[in-house]
1. Once you charge only the Cβ atoms, +1 for Lys and Arg and -1 for Asp and Glu, what is the size of the charge dipole of the chain about its Cα centre, to the nearest 20 debye?
2. List the DSSP H helices in the chain whose Cα atoms stretch 30 Å or more along the helix axis and whose mean Kyte-Doolittle hydropathy is at least 1.0.
3. Roughly how many nanometres apart are two label points built 7 Å out from the Cα toward the Cβ at ARG186 and LEU221?
4. Where in segment 79-93 is the amide nitrogen less than 19 Å from a point lying 7 Å along the Cα-to-Cβ axis of TYR126?
5. At a Förster radius of 30 Å, what calculated FRET efficiency corresponds to the Cβ-Cβ distance of ARG17 and ALA289, to the nearest 0.05?
6. Sorted by average packing, counted as other Cβ atoms within 10 angstrom per residue and highest first, what order do 291-297, 61-67 take?
7. Order by neighbour count: LYS181, LYS37, LYS129, fewest other Cβ atoms within 10 Å first, most last.
8. Of the residues TYR91, TYR126, TYR176, which exhibits the maximal mean-square fluctuation in a Gaussian network model of the chain defined by a 10 Å Cα contact cut-off?
Amino acid sequence: MTKLDCVRHTDKTPLWRYHVVALLTACVWSTTFVSTKVLILAGLSPENIFFYRFFIAYVLILFIARDRLFAKSAKDELLLFFAGLTGGSLYFFTENTALRFTYATNVSILISTTPLLTIALSALIYRQKLSKNMIGGSLLALAGVVLVVLNGDTSFHVAPVGDILTIIAALCWAVYSILMKVLIKRGYSTLFITRKVFFYGLLTIALYIPFSGHGLDLHLLYRPEVYGNLLFLGVLASFVCFAVWNRVIKAIGPDKASNYIYFNPIGTIITAVIFLHEPLSVMAIIGAAITIIGVIIAEKSGSKQ
């Protein structure tokens, strides 16, 4: 797919559809917390969960993304490697590992700094002048997320190791979003990029697993709650969502796309209420409304080149 083809396709598709897809993708990703928690309780380690979900996704994408094997240059191939590292293995490993050292509340709040980090990196790299509405809307959405994840509990615990790991995870996803923008501008199809992200994510985590002290625990895969959740994470949350998310970044840009990450904690809490029977406070409902307003403000403004 050439750059011209990408532009033509984008022009034929109303932008509001990409925003809907971004919201739906964020909703799916928000439910992965429950699935991952079930798998951890079943005995799988965070790195094994990531390996299995990306392995499933990689096998599936091989059937539809076979246009080329390597990038046009060694430099572009290196960019794809870092995309697989930052948007794959390093992101998921640091985020999941953080939960071992800190509270879920801390992780939820800190990971929601991703849109702000993406905006900051984008402005720094591309020398963009950001509108007041973009900055204000993002900060408002972040404030709403804080209310949601607190969910009536005003305590916030400090655990340096876990908090630092979570910030690293947020920074990884921000870098991944910027790399996606660069690679798309260089004329690569989103399916090709997604396939390479899966490959390098698998490669880097596979190199780590022998030193992690955890085997692949293949005997656990026979349990229904294990293979059921892994199929959900691999097929829908990875294969489908990564592919459509990369299309969203191409259509509306990494800054606007990243703002939908603010919806993740909202979906996580709703899922936890339904499946884990956790309480839902008035503060969380107010926070959800503030988050939605903030995202709308940021989406209408965008960034000025």
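Rule-based calculations on the coordinates, nothing more; no lab input. Quantities reported herein were computed from a predicted structural model and do not represent experimental measurements. Positions of Cβ are backbone-derived with ideal geometry, glycine not excepted, and every protein chain shown enters the neighbour counts.
1. Once rounded to the nearest 20, the dipole reads 1320 debye.
2. Values: long enough: 15-41 (40 Å, 1.27); 160-185 (38 Å, 1.66); 190-212 (33 Å, 1.30).
Flagged H segments are 15-41, 160-185, 190-212.
3. Going from the ARG186 label point to the LEU221 one covers 3.3 nm.
4. Flagged as within label range: 79-80, 83, 87.
5. Working: r = 24 Å, r/R0 = 0.81.
Efficiency for this residue pair is about 0.80.
6. Peptide ranking by packing, descending: 291-297, 61-67.
7. LYS129, LYS37, LYS181
8. Looking only at TYR91, TYR126, TYR176, the largest GNM fluctuation is found for TYR126.
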